[in-house]
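The structure under discussion appears below in the form of structure tokens.
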Amino acid sequence: LATLNSRRGFLQCYRSEAAFRQEVWLACLLLPTGLWLGQSAVERALLVGSVIILLIVELLNTGIEVVVDRIGVERHPLSGFAKDVGSAAVFFGLVLLFSTWALILWDRLFGTFRNGLEDVRAERKAAR
């Protein structure tokens, strides 16, 4: 029963929230890429985990928005506060995703260069 409820919630969120649909399609691209790109289990967990965390946060944000809208359509400072906090959580989920991917990609692209510089420095130091 819990699995059916989870599936129903996922599908309802997918049908009703454009941002969630975009993040699901992004996850379809990034999850296999993260498994391929990560050179260790830790890197793969960070890359994949940051994507999954974003989806979790978006689902929770949508849940907050639905509950606030269910309570009433009139403007109330606490309703706006709840929605803003949910939006901020999604923002930080995106920051986590982008920073994790950027740091690991940076290491992939420039790590060899950096290691090469360290080798040159070590050779110079040994030659002295």
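The values are calculated or read from the model by the stated rules, or taken from the named source; none is laboratory data. Owing to the predicted nature of the structure, the values given are computational and were not obtained by experimental measurement. For neighbour counting, all protein chains shown are included, and Cβ atoms are generated from backbone atoms with ideal geometry for every residue, glycine included. Surface areas here come from the heavy atoms of the whole protein model, side chains and all, with no ligands, DNA or RNA. Shrake-Rupley method; radii C 1.70, N 1.55, O 1.52, S 1.80 Å.
Quick notes on this one:
- Taking the listed residues GLU123, GLU118, GLU74, the one that is exposed (fewer than 11 other Cβ atoms within 10 Å of the Cβ) and assigned to a loop (DSSP other than H, G, I, E, B) is GLU74, with no other qualifying.
- Filter result for GLU23 (touching a residue at least 12 places away in the same chain (Cβ under 8 Å), within 17 Å of the chain's Cα centre (by Cα), surrounded by 13 or more Cβ atoms within 10 Å (Cβ to Cβ) and closer than 24 Å to PHE81 by Cα): yes
- Residue selected from the stretch 26-47 under the condition among the small types (Gly, Ala, Ser) and open to solvent by 50 Å² or more (accessible area, probe 1.4 Å), by the criterion nearest to GLU65 (Cα to Cα): ALA45
- The condition (being out of contact with any strand residue (DSSP E or B) (no Cβ under 6 Å at 6 or more places or on another chain) and at pLDDT 95 or above) is satisfied by just one residue among LEU37, LEU46: LEU46.
- Count of the stretch 77-104 residues, restricted to those that are open to solvent by less than 30 Å² (accessible area, probe 1.4 Å) and touching a residue at least 40 places away in the same chain (Cβ under 8 Å), is 6.
- Within the span defined as the stretch 36-56, one or more residues are among the polar types (S, T, N, Q) and within 19 Å of ALA89 (Cβ to Cβ).
- Checking GLN12 against (1) open to solvent by 80 Å² or more (accessible area, probe 1.4 Å); (2) touching a residue at least 24 places away in the same chain (Cβ under 8 Å); (3) of a type in the set (S, T, N, Q), the condition it does not meet: (2)
- Filtering SER50, SER6 for residues that are among the polar types (S, T, N, Q), out of contact with any Cys (no Cβ under 9 Å at 6 or more places or on another chain) and touching a residue at least 24 places away in the same chain (Cβ under 8 Å) leaves a single hit, SER50.
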